[in-house]
Every structure is written in structure tokens, then in C-alpha cells.
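S.K.: One structure, pasted below without further comment.
What follows draws every value from the coordinates through simple rules; no lab data is involved. Just so you know, these numbers come straight off a predicted model, no measurement behind them. Here Cβ is always computed from backbone atoms with ideal geometry, including for glycine, and neighbour counts include all displayed protein chains.
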């Protein structure tokens, strides 16, 4: 009977200890502004009830290549195809003259540069886009501007993007 009472008392002491630790940790968490500290209430490792009786020998894995190779040249990379690269270059060659028109207008017309920057400072996107279109840019484009620069992305569908960043 005395042993049962001692076990119950030890269990109660352990529960009170866990509650006290929990209270202290949550108080510290609130004091630190929400950072939760972790505490293991049961620091004892529980071993599994049984161990394997006989260790099994590992079976050999089937032989495979880490990276498959191309049959034609033994390279781990696919065959080179430059068609998409060539299409991108052709798309860029269409956009370069349009960007050159924009550069020429900004460098030669102080009034155009002033109007472009004023419209951007007012966040008047329609006016900024209209000014860029007025130069002769026919490609689809996106504009973003910050107090430090203007970014103009000319887009050629399924091909490429030409990005211009001009500081002002």
C-alpha cells in the first residue's frame, strides 16, 4: 500500500514539475515576444520492444547509369538544336531598331525625356506608354519605373524579351 502511495506521489510531483516548466516556458515566450522554446517533458528514450533476430544480407541493386548518355555521341546532354536560338536572335534583331529609336528620341529631345520622367513620377502609366509608342515602338512592352530608373521590357511572343534599364 505504501509503495502505491509513493508511486502516485512521484507521478503527481512529475506532473507538477511539467506544469511548472510549461508555465515558465510560456512566460518566457510571452516576454520574448512570441518565440517558443521547446522542452522535452519525457527525456527518457523508449526502446522498441523487440530487435530483429537475423540481419538480412543486402540484395545487389540493378546496374544503372547515373545519367543516361546520348547514343550518337556518348554525351550526357541531349543533341544540340540551335533552331530556337536562331529564332530568338531574329526576334531580337527586330526589336533592336525600335530600341534605337527610343534611345535617339530620349538623347535628342530634352522635352521628350522631361515628359517621360514627369509622367513616371506621377505614376501615369498610360502617358508613359503613349510616349514610348509615339517613338515608333510597335512590339508589346511593359514598363516599370522607380525613383532611380525606368525599365522597359520589349516582348516578342514565343521568342525573347529585350530589357532596357535606364537610370535617371
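S.K.: Name the residues in the range 148-159 that are over 17 Å from residue 96 (Cβ atoms) and in a strand (DSSP E or B), would you?
M.R.: 149, 150, 151
S.K.: Further question on the same structure: Restricted to the range 85-112, and to residues that are touching a helix residue (DSSP H, G or I) at 6+ places or on another chain (Cβ under 6 Å) and touching a residue at least 24 places away in the same chain (Cβ under 8 Å), which residue is surrounded by the most Cβ atoms within 10 Å (Cβ to Cβ)?
M.R.: My answer is 102.
S.K.: Another one. Out of all the residues in the range 113-147, which are within 35 Å of the chain's Cα centre (by Cα), in a helix (DSSP H, G or I) and surrounded by fewer than 15 Cβ atoms within 10 Å (Cβ to Cβ)?
M.R.: Once the filter is applied, which keeps residues that are within 35 Å of the chain's Cα centre (by Cα), in a helix (DSSP H, G or I) and surrounded by fewer than 15 Cβ atoms within 10 Å (Cβ to Cβ), the range 113-147 yields 118, 121, 125, 126, 130, 133.
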